[in-house]
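Beneath this line is the structure, given in structure tokens, with notes to follow.
The values are calculated or read from the model by the stated rules, or taken from the named source; none is laboratory data. Nothing here was measured: the structure is a model prediction, and the numbers come from that model. For neighbour counting, all protein chains shown are included, and Cβ atoms are generated from backbone atoms with ideal geometry for every residue, glycine included.
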Amino acid sequence: MKKIELKDIAETLYYEKLNNGLEIYMVPKKNVNNVYVTYTTKYGSIHNQFVPLNEAKEVKVPNGIAHFLEHKMFEQRDGIDPMIYYASVGADVNAFTSYKNTSYLFCGATHLKENLEYLLNYVGTPHFTDENVEKEKGIIEQEIRMYDDVYEWVLIDTIHYNIFHKHPLKYSVAGTVDDIMSITKEQLSLCYNTFYHPSNMFLVVTGNFEPLEIIETVKKEFASKEQSEALIKLVSVEEPNSIVKAMEIIQLDIKEPKLGIGVKIPIENIDMDIHKLNIYVMLLFDLLFGPTSVFYEKMHENDLLTSPMFITKEFTNQHIVVSLLCETKNNEQLLNEIKDNLNNPKINYQDFERKKKILTGPEIRMYEDIQNLNRYIINQIISYGKFDHNMIKSLLKSLNKKEFIDLIKKLDLSQMVTVLIEPIKK
């Protein structure tokens, strides 16, 4: 077990990798009562084309199957729902699926060893039948239709659908109702056996615990399972730099118009560490449109922005996609202002150093909350393949204005998708 001192914040990260490839990340904190545990597979909605383990031919499965699989893990052969078990010991339990990973979690103050054993066991023993798969389709259909009325999800899903030609980020995490209806138990088993292999998974533990107890519990759980590391082969796609559709107008039962803009930025020819590049891009859009930007103050004063800009980012090996979501009383005028700001970026470079200092604040505060810290570690591993606090600190310190200005000159911000959500006309 490696012990890594996290500089500047008086914390320690413990790391272990088992023979089967499972990685374990632990940050103990004695000043809290709870323990937050996540068990994650590097398998999300974008992994719909792959070569199954021990096979040679690639397959393509329906969109939404990773999310469907997450649902099915809560149905066990003995009929006991994991939620019932964890409630009986006073712990919270949940799971979530994103574009790039699926995570199962629990949080509690007692019965850590038993709760961890149960987590590893129920995620390790799927139960699929024709009957329970068919039953789940109706449940997920209701969930999909519910999100069809949530404007934030509608904006993001439509932006991605209109930005990407081939990349699976084009499709929503849950898939469509038609996708869900086509899923079979055989497909679920194929995806589970491929992506739920220990060498494609990792455990993150934060809170009040002893690292050795965690390691011993995990090793005991896998002692009877002879597994070696496995190599998963994903099928990559070549995504054009162009967009699919520039504008879409949607009507929903809302009071105020909503606006979403997606910018597709090619990055293949930019010679920079992807982690650093992501930081610079988010810094750029924060300076352009963030709550302390000149643009936001002007739009707010003119009553064009009735909410702060919500800024999100996704990236592939070819593109970074930044989405801007907001509420406005005048979609057309605000859209023109945003386009003008993107075409002729108005940046106060005096703010650069201030923003650079601010970047370190949230990362330090992240360690104060065991849930946020756990999620932060997950995101770093999924995005960049590892978690290295000291490297991140060095990376943030290395940001400089000249490099930032040079990068802005290279970025192509011309490929833009606009989605307008308007109140239903009665």
Here the qualifying pairs (Cβ atoms under 6 Å; residues six or more apart or on different chains; first in the stretch 145-165 and at pLDDT 95 or above; second of a type in the set (Lys, Arg)) come out as His160/Lys170; Tyr161/Lys170; Asn162/Lys245; Ile163/Lys264; Phe164/Lys170
query: What do you reckon, is Pro28 farther than 25 Å from Gln371 by Cα and either outside the structural domain of Asp178 (by TED's automatic domain parsing) or under 25 Å from the mean Cα position of the chain (by Cα) (or both)?
result: no
Across the stretch 64-79, the tally of residues that are touching a Phe, Trp or Tyr at 6+ places or on another chain (Cβ under 9 Å) and of a type in the set (Gly, Ala, Ser) stands at 2
**Prompt:** Just to be sure, is Asn94 touching a Lys or Arg at 6+ places or on another chain (Cβ under 6 Å), within 17 Å of Ala66 (Cβ to Cβ) and not acidic (Asp, Glu)?
**Reply:** no
message = Just to be sure before I move on: is Gln251 polar (S, T, N, Q), out of contact with any Phe, Trp or Tyr (no Cβ under 6 Å at 6 or more places or on another chain) and assigned by TED's automatic domain parsing to the domain that holds Phe164 in the structure I sent?
response = no
Conditions (1) more than 16 Å from Leu325 (Cβ to Cβ); (2) modelled with pLDDT under 95; (3) touching a strand residue (DSSP E or B) at 6+ places or on another chain (Cβ under 8 Å) -> Leu169 fails only (2)
Apart from one, (1) crowded, with 17+ Cβ neighbours inside 10 Å; (2) part of a strand (DSSP E or B) all hold for Leu69; the odd one out is (2)
Asp78: passes all of (1) acidic (Asp, Glu); (2) assigned to a loop (DSSP other than H, G, I, E, B); (3) in contact with a helix residue (DSSP H, G or I) (Cβ under 9 Å, 6 or more places away or on another chain) but (3)
Looking across the stretch 273-323 at residues that are polar (S, T, N, Q) and more than 16 Å from the chain's Cα centre (by Cα), the single one that is surrounded by the most Cβ atoms within 10 Å (Cβ to Cβ) is Ser293
Counted residues in the stretch 125-144 being touching a Lys or Arg at 6+ places or on another chain (Cβ under 8 Å) and free of Cβ contacts under 8 Å to residues at least 60 places away in the same chain come to 4
For Asn94, the lone unmet condition from (1) part of a strand (DSSP E or B); (2) modelled with pLDDT under 95 is (2)
Tell me whether the stretch 293-310 contains one or more residues that are outside the structural domain of Met26 (by TED's automatic domain parsing), of a type in the set (D, E, K, R) and at pLDDT below 90.
yes
For helices (runs of 4 or more DSSP H) lying entirely in the stretch 358-426, having 2 or more residues that are touching a residue at least 24 places away in the same chain (Cβ under 8 Å), over 20 Å from Lys7 (Cβ atoms) and not assigned by TED's automatic domain parsing to the domain that holds Ile159 picks out 370-384, 401-410
Could we say that Lys100 is among the basic types (Lys, Arg), modelled with pLDDT under 95 and assigned by TED's automatic domain parsing to the domain that holds Tyr25 here?
no
When the stretch 312-353 is checked residue by residue, the ones that are β-branched (Val, Ile, Thr) and at pLDDT below 95 are Thr328, Ile338, Ile347
* Condition met for Ile265 (out of contact with any strand residue (DSSP E or B) (no Cβ under 7 Å at 6 or more places or on another chain) and crowded, with 17+ Cβ neighbours inside 10 Å) -> no
Of the residues in the stretch 33-49 that are under 18 Å from the mean Cα position of the chain (by Cα) and assigned to a loop (DSSP other than H, G, I, E, B), the one that is farthest from Ile65 (Cα to Cα) is Lys42
